[in-house]
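Let me begin by presenting the structure, written as structure tokens, before commenting on it.
The values are calculated or read from the model by the stated rules, or taken from the named source; none is laboratory data. Owing to the predicted nature of the structure, the values given are computational and were not obtained by experimental measurement. Methodologically, a virtual Cβ is constructed for each residue, glycine included, from the backbone with ideal geometry; neighbour enumeration extends over all protein chains shown. The protein model used for the area step is the full one, side chains on, heavy atoms only, and it has no ligands, DNA or RNA in it. Shrake-Rupley method; radii C 1.70, N 1.55, O 1.52, S 1.80 Å.
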Protein chains: 2
Amino acid sequence: MATAATINDVAKMAGVSIKTVSRVVNREPNVREKTRDLVLQAIQQLNYKPSLAARGLAGGRSFLIGMMYDNASDSFLVDLQRGILRACRERHYGLALCPASRAEDRTADLMEWVVSTQPDGIILTPPLSDDQSLVDRLIDANVTFISVSSTGTGLGPSVLIDEVDAARSMAQHLIDAGYQDIGFIKGPADHACSDLRFRGFEMAMNSAGLPVNSDWVKVGEFDFDSGVAAAEQMLKGPNRPTAIFASNDDMAAGVINVAYRSGLNVPKDLAVAGFDDTPLAQHFWPGLSTVKQPIIQIGQQATEYLMGLFEGPPSGDSNEKTKSGEQSMVLPYELVLRGSTGA
Amino acid sequence: MATAATINDVAKMAGVSIKTVSRVVNREPNVREKTRDLVLQAIQQLNYKPSLAARGLAGGRSFLIGMMYDNASDSFLVDLQRGILRACRERHYGLALCPASRAEDRTADLMEWVVSTQPDGIILTPPLSDDQSLVDRLIDANVTFISVSSTGTGLGPSVLIDEVDAARSMAQHLIDAGYQDIGFIKGPADHACSDLRFRGFEMAMNSAGLPVNSDWVKVGEFDFDSGVAAAEQMLKGPNRPTAIFASNDDMAAGVINVAYRSGLNVPKDLAVAGFDDTPLAQHFWPGLSTVKQPIIQIGQQATEYLMGLFEGPPSGDSNEKTKSGEQSMVLPYELVLRGSTGA
DNA sequence: ATGGTAGTTGACAGCGCTGTCAACGAAGGT
DNA sequence: ACCTTCGTTGACAGCGCTGTCAACTACCAT
């Protein structure tokens with residue numbers, strides 16, 4: 001194995017002590033600019049990369065960002081990872097994955113992982129970010145965390161889009177396109193976004209003076225099969241909606257599937273809208289109108305914000321109270337209109 | 001942060017030296033059974049987890065498995081991660097992700113990551129596993145690696161399915177279903193499996209006495225758009241195939257998309273088969289017939305095999321020559337037949 | 001000149017663990 | 001009785017880095 005240069009080599013080359021190299025690497029203040037340049041030059045020449053292990057051991061940190069997830073869609077996970085990795089790379093952090101287990105005591109399992117991995121910060125994805133018991137334990141354990149794509153209602157900082165407005169906006173699009181009998185498929189109750197998306201739908205309907213028919217509001221599990229089930233119920237009778245807004249793409253795909261099997265033309269007989277812009281949405285025929293969240297960006301920003309939380313102000317006297325503040329960053333969503341709503 | 005127990009606590013509790021605890025943790029030989037039990041008990045009670053950082057620093061290893069990938073499909077990545085993590089968890093290893101950059105000198109970038117991360121072993125996914133220059137550099141650097149889902153022709157050990165037979169088998173299914181005019185969409189040349197899958201297709205056609213029409217053999221990029229392009233070419237004229245075997249699902253989805261837009265009924269006017277069993281394949285209507293690779297298992301087995309390579313025999317006198325041997329493990333594939341081929 | 005302050009640097013201990021080596025007792029051969 | 005061998009255990013150094021603290025250098029005010 002091509003053995004990497006150590007801090008000693010750099011120090012010798014730059015003619016300073018290893019401590020000074022350490023200062024430069026960690027962007028500590030109070031290093032003369034000339035000295036810093038010397039060190040940086042040596043680092044460049046030797047292609048020096050600090051050892052995570054040694055830094056972690058000595059500094060009591062792990063230089064690891066933990067990503068906890070459960071049951072999320074593949075594309076969401078991969079995109080989020082992309083964003084996180086992008087932020088990690090710059091600061092020489094690593095990413096540690098923690099898929100939630102299927103065990104009955106999920107929280108205990110996750111906490112064990114936290115204790116054994118000791119990540120410096122954790123990124124929580126839905127539905128974990130909406131899990132009060134988990135969040136409580138994390139706060140107890142004094143672990144810095146941030147949640148993505150989730151409300152953050154009293155559950156620490158988060159990076160997300162305005163779910164209500166996004167859903168409202170998509171519903172408005174359906175209404176503008178002339179659809180009036182619109183059904184809705186909600187997500188599972190343990191996802192905070194389920195309610196928000198429904199609320200946005202209601203807002204658009206109300207402001208257009210359209211009724212929300214409770215027969216046309218179903219609850220799904222964010223997966224294909226539950227979309228099929230919900231659609232079958234809504235579409236079986238003669239009194240059926242002319243458009244269905246599913247609160248994620250997988251369920252919308254299920255709706256389109258049912259439409260095909262029932263001989264309904266999309267969008268002529270039935271318009272379908274989704275949420276998330278998964279690859280699925282692009283590959284269907286007709287293409288699925290959906291809401292695109294900037295997942296990669298969300299991952300990156302969340303990571304950067306998270307790092308800010310525990311790197312904190314250099315002169316920080318462990319003023320930990322601010323940690324679970326209600327900060328949240330709202331990123332812009334994008335309405336992606338394709339054939340399934342008549343575009 | 002709930003601070004974890006250290007090796008010292010365990011040693012004190014068991015009434016032995018920390019070295020003995022270390023021996024037990026590392027499954028080293030020459031520890032009396034009674035002593036081992038004492039230590040194990042203490043470990044249990046204190047819920048002790050060794051610190052990766054300290055182990056790595058002291059032992060010159062990182063306890064990290066690297067996963068290098070480039071441009072793979074989301075579901076493939078996530079499933080592979082699942083398998084790898086499963087294997088890692090047991091042995092207290094971590095997983096470090098290394099997405100290939102878009103830079104022109106990809107190999108250099110990847111090697112820099114290797115040097116800075118120092119993973120104990122690397123899992124290579126296609127098309128990286130077929131990249132001779134990368135593999136050469138890895139061997140030079142004396143890094144242990146294994147490739148998954150790739151031929152392993154002289155490029156180190158690998159875990160895979162019998163691609164040729166899988167493709168042959170799917171083609172045979174089309175032939176058995178009565179299709180004779182069968183088109184094929186190959187993958188890009190830098191994926192070793194592209195040739196193998198085509199070879200399997202040829203084998204089935206030849207042994208059934210059917211001609212392989214070169215107008216009906218196109219090369220795609222393993223993505224949706226190239227599937228669309230290939231299908232458009234094959235289907236535009238009057239002399240068109242009655243079935244198309246795309247060598248992955250994304251391209252098959254493109255074919256189905258074109259069929260819809262051309263008013264062709266799948267499978268009546270055109271049968272379509274894919275390869276990979278991505279979620280896409282299940283969600284299309286009709287469902288896409290495809291070949292399912294046991295990705296999770298592949299990931300797990302590859303990881304376990306990889307660990308065996310560098311943990312090696314306890315009495316190993318650095319006999320590194322065996323490292324780049326031609327070992328490969330072949331796992332069973334599964335033919336998943338759905339509506340797109342008339343099931 | 002003298003003292004005070006802030007900016008800059010290095011010596012040194014030690015993070016939690018593993019590798020090396022030496023110490024010890026038990027078992028076996030002479 | 002002796003020496004040898006082997007299995008078992010612990011003392012100790014040190015992995016590459018950071019935190020602490022002390023030293024040293026300006027530089028200003030007195």
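Of the residues making up region B:22-45, just one is near DNA strand D (Cβ under 9 Å from one of its atoms) and closer than 21 Å to A:Gln118 by Cα, namely B:Ser22. Applying the criterion of being under 22 Å from A:Ala54 (Cα atoms) and outside any strand (DSSP E or B) to the residues of region B:78-109, the residue that is farthest from the other protein chains (Cβ to nearest Cβ) is B:Arg91. In the condition set (1) in contact (Cβ under 8 Å) with a residue 24 or more places away in the chain; (2) open to solvent by 20 Å² or more (accessible area, probe 1.4 Å); (3) touching a Lys or Arg at 6+ places or on another chain (Cβ under 7 Å), B:Thr144 is compliant with all but (2). When each of B:Asp181, B:Asp136, B:Asp165 is tested for being within 14 Å of another protein chain (Cβ to nearest Cβ) and open to solvent by 30 Å² or more (accessible area, probe 1.4 Å), the lone residue that passes is B:Asp136.
Residues in region A:132-173 that are basic (Lys, Arg) and not assigned by TED's automatic domain parsing to the domain that holds A:Ile84: A:Arg168 alone.
When the strands (runs of 3 or more DSSP E) confined to region B:202-320 are screened for residues that are at pLDDT below 95 and of a type in the set (Phe, Trp, Tyr), none reaches at least 3 such residues. Selection of region B:32-73 for residues being among the β-branched types (Val, Ile, Thr) and either facing another protein chain (nearest Cβ under 10 Å) or in contact (Cβ under 8 Å) with a residue 24 or more places away in the chain (or both) yields B:Val39, B:Ile43, B:Ile65. Note on region A:18-31: among residues that are within 7 Å of DNA strand C (Cβ to nearest atom) and among the charged types (D, E, K, R), the one that is farthest from the other protein chains (Cβ to nearest Cβ) is A:Arg23.
Checked against the criterion of being surrounded by 24 or more Cβ atoms within 10 Å (Cβ to Cβ) and under 20 Å from the mean Cα position of the chain (by Cα), region A:279-287 has at least one qualifying residue. Working only within region B:103-112, note down all residues that are surrounded by fewer than 22 Cβ atoms within 10 Å (Cβ to Cβ) and in contact (Cβ under 8 Å) with a residue 12 or more places away in the chain. Passing the criteria: B:Arg106, B:Thr107, B:Met111.
So, in region A:18-41, of the ones that are among the hydrophobic types (A, V, I, L, M, F, W, C) and part of a helix (DSSP H, G or I), which residue ends up surrounded by the most Cβ atoms within 10 Å (Cβ to Cβ)?
Here the residue is A:Val21.
Residue count for region B:31-55 under the criterion of being at pLDDT 90 or above and over 16 Å from B:Ala14 (Cα atoms): the result is 2.
Taking the criterion of being acidic (Asp, Glu), over 30 Å from A:Arg91 (Cβ atoms) and crowded, with 24+ Cβ neighbours inside 10 Å, would at least one residue in region A:236-254 satisfy it? Looking through region A:236-254, at least one residue is acidic (Asp, Glu), over 30 Å from A:Arg91 (Cβ atoms) and crowded, with 24+ Cβ neighbours inside 10 Å. Residues in region B:245-266 that are in contact with a strand residue (DSSP E or B) (Cβ under 8 Å, 6 or more places away or on another chain) and more than 9 Å from every other protein chain (Cβ to nearest Cβ): B:Phe245, B:Ala246, B:Ser247, B:Asp249, B:Met251, B:Ala252, B:Val255, B:Val266.
Remark: A:Leu160 matches the filter, which requires a residue to be within 22 Å of A:Val291 (Cβ to Cβ), more than 8 Å from chain B (Cβ to nearest Cβ), buried (at least 22 other Cβ atoms within 10 Å of the Cβ) and touching a strand residue (DSSP E or B) at 6+ places or on another chain (Cβ under 7 Å). From the list B:Ala100, B:Ala87, B:Ala11, the lone residue that is over 22 Å from B:Trp113 (Cα atoms), open to solvent by less than 20 Å² (accessible area, probe 1.4 Å) and touching an Asp or Glu at 6+ places or on another chain (Cβ under 7 Å) is B:Ala87. In region B:55-72 there is at least one residue matching the filter, namely being in a loop (DSSP other than H, G, I, E, B), open to solvent by less than 50 Å² (accessible area, probe 1.4 Å), at positive phi and within 16 Å of DNA strand D (Cβ to nearest atom).
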